[in-house]
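> Quick one: the structure is below, and I'll ask about it shortly.
The values are calculated or read from the model by the stated rules, or taken from the named source; none is laboratory data. All of these numbers come straight from a predicted model, not from anything done at the bench. All Cβ positions, even for glycine, are placed from backbone atoms using ideal geometry, and neighbour counts span all protein chains on display.
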Amino acid sequence: MDPSSNNNRSNSQLLERFGYKIGKKIGVGSFSSVRLAYSNQRKCSVALKIIWKDRASILYQTYFLPREIDIVKSLQHPNIVKYYQSIETNRRFIIVMEYAEYGSLLDLMAKKKILSEPEACMYFHQLISALEFCHSSKVAHRDLKLENLLLVQEDCLKIGDFGFSRKCDDPTSIYSLTFCGSNAYISPEILHQQPYNPFCADVWACGVILFAMVFGDLPFDDSGSIRHLTKLVERGLVFPNQIEISVECKSLIQKIMTPEPIRPKVQSIFEDSWMIKNSNIKEEEEE
């Protein structure tokens, strides 16, 4: 008999006792999987992140996972994926979260290729709103990317996957030495393996995300080596000529994707002229 069949049956029996009807697999990682389920208590679909103890490192189980759970439990915001419950057994950890029915921003970009500036601003405004809340709560995400921005409705984006997040309570030790995140989104200081401010690194990733939404591609090709990627970042941004984007939008991307000492804080991005202009356009369309 296939061992995975026994595992699936065991999962189902366990989760049924907690009021969950397990459904299809919607994601997979090196030591975890994500499954769709129905919550009898909440009367809605939820996502279950199932982590197998025999596949995850002791460091992850004793340090990173408890920190992730502690952080997501503390962050309650309309644009952050809701945490519902965690379950631990002898063989696994299960985290119950809000289900993003409409997939990720990456999925949306795969369908649409590029977004109009008002539509990109709508999602970007939600991202910045959630990130401002995280930073004001002394939490840095450290892995912002299209895949981790989830759509619970067509027009509602939420930040998910806080696996690399960090609580930065002590202002004297804010700089991080853990080099994490996806290559295409990480800031120059991380590429240079320097101690970095994780809040500033989050802001850089937001610039990459905005670029990707309006141009339909990432600003720097990460398919080669880290050394090659670093050289591309050092040369600076190049905006594609074949796509017409407003001067204001390009200016905001350039403002965000600057060296750390002059990179804006997340709060100041709301005051940018492109954000204000396109937020007004969206509001007028809805009236």
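> For the stretch 221-273, how many residues meet the condition of being polar (S, T, N, Q), assigned to a loop (DSSP other than H, G, I, E, B) and either closer than 17 Å to Ile209 by Cα or not assigned by TED's automatic domain parsing to the domain that holds Cys200 (or both)?
The total comes to 2.
> In addition: Which one of these is surrounded by fewer than 22 Cβ atoms within 10 Å (Cβ to Cβ), assigned by TED's automatic domain parsing to the domain that holds Glu244, at pLDDT 95 or above and aromatic (Phe, Trp, Tyr): Phe215, Phe211?
Phe215
> Another question, then. So which residues in the stretch 148-177 are buried (at least 16 other Cβ atoms within 10 Å of the Cβ), of a type outside the set (Ser, Thr, Tyr) and either at pLDDT below 95 or assigned to a loop (DSSP other than H, G, I, E, B) (or both), if there are any at all?
Gly160, Asp161, Phe162, Gly163, Phe164, Arg166, Cys168, Ile174
> I would also like to ask the following. What number goes with the only condition from (1) over 18 Å from Ile159 (Cα atoms); (2) out of contact with any strand residue (DSSP E or B) (no Cβ under 6 Å at 6 or more places or on another chain); (3) hydrophobic (A, V, I, L, M, F, W, C); (4) surrounded by 14 or more Cβ atoms within 10 Å (Cβ to Cβ) that Cys121 does not pass?
(1)
> So which residues in the stretch 48-107 are hydrophobic (A, V, I, L, M, F, W, C), in contact (Cβ under 8 Å) with a residue 40 or more places away in the chain and in a loop (DSSP other than H, G, I, E, B), if there are any at all?
Passing the criteria: Leu75, Val81, Ala100.
> Something else about it: If a residue must be in a strand (DSSP E or B), more than 17 Å from Lys82 (Cα to Cα) and basic (Lys, Arg), how many such residues does the stretch 9-40 contain? Steps first, answer last, please.
At the first step, the residues of the stretch 9-40 found to be in a strand (DSSP E or B) are 20-28, 32-39.
From the residues that got through so far, the ones that are more than 17 Å from Lys82 (Cα to Cα) too are 21-28, 32-33.
Applying the additional criterion that residues be basic (Lys, Arg) yields 21, 24-25.
Total meeting the criteria: 3.
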